[in-house]
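Reading through the structure tokens given below for one structure.
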């Protein structure tokens, strides 16, 4: 029984070490083409609450580079950038949906600020309102891929 447990533990450690070799982590493309922000305040709030998943300026903690957590983080960033990427902004992309997701509380997601991480993304009701209005003014309220 004891030998089996030791073998299983060694197997888990070896597997954990091997999955670190799979290069599946967040990368930041060099593209930087932000929208013409309606105000510095809107950009400030967007940077605090949105840019880590919705831009090419993602910052990760060192522990977020460890698989399999890195795979989960990368998946969320890829999906976030696909829906809205402030660094690959194109005229005509609407901000209405982005504003609604901020106001209804689904963005930024609750888990993003767990354990005190990304505490600057925890917006007050007033800041959410400001960000939503700013996104609508900056991106327009037309159709969007978000």
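Coordinate-derived values only; no laboratory data. Note that the structure is a prediction, hence the values are computed from the model and not measured. Cβ sites come from the backbone with ideal geometry, for glycine too, and all protein chains shown count toward neighbours.
Tabulated data for the structure shown
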{"quantity": "Separation of alpha-carbon centers, the stretch 79-125 and the stretch 7-34, rounded to whole Å", "calculated": "25"}
{"quantity": "Spin-label zone in the stretch 16-41 - amide nitrogen under 15 Å from a point set 7 Å from the Cα of residue 117 along the C-beta vector", "calculated": "25-26"}
{"quantity": "Förster radius 22 Å - calculated FRET efficiency between residue 83 and residue 137, Cβ distance, rounded to 0.05", "calculated": "0.65"}
{"quantity": "Packing-based exposure ordering (other Cβ within 10 Å, fewest first) of 119, 75, 55, 70", "calculated": "119, 75, 70, 55"}
{"quantity": "135, 18 arranged by Cβ crowding within 10 Å, fewest neighbours leading", "calculated": "18, 135"}
{"quantity": "Label point 7 Å beyond Cα of residue 60 along Cβ direction - residues of the stretch 24-42 with amide nitrogen under 17 Å", "calculated": "24-30"}
{"quantity": "Residue order, fewest to most surrounding Cβ atoms within 10 angstrom, among 51, 16, 63, 86", "calculated": "63, 16, 51, 86"}
{"quantity": "Mean separation of Cα contacts under 8 Å, 6 or more apart, over the residue count of the chain: relative contact order %", "calculated": "31"}
{"quantity": "Cα long-axis angle, helix 69-83 against the chain (0 to 90 degrees, to the nearest 10)", "calculated": "20"}
{"quantity": "Candidates 114, 72, 37, ranked by Gaussian network fluctuation over the chain, Cα under 10 Å, top entry", "calculated": "114"}
{"quantity": "Nearest-ten-degree value, helix 2-19 long axis tilted from longest Cα axis of the chain", "calculated": "40"}
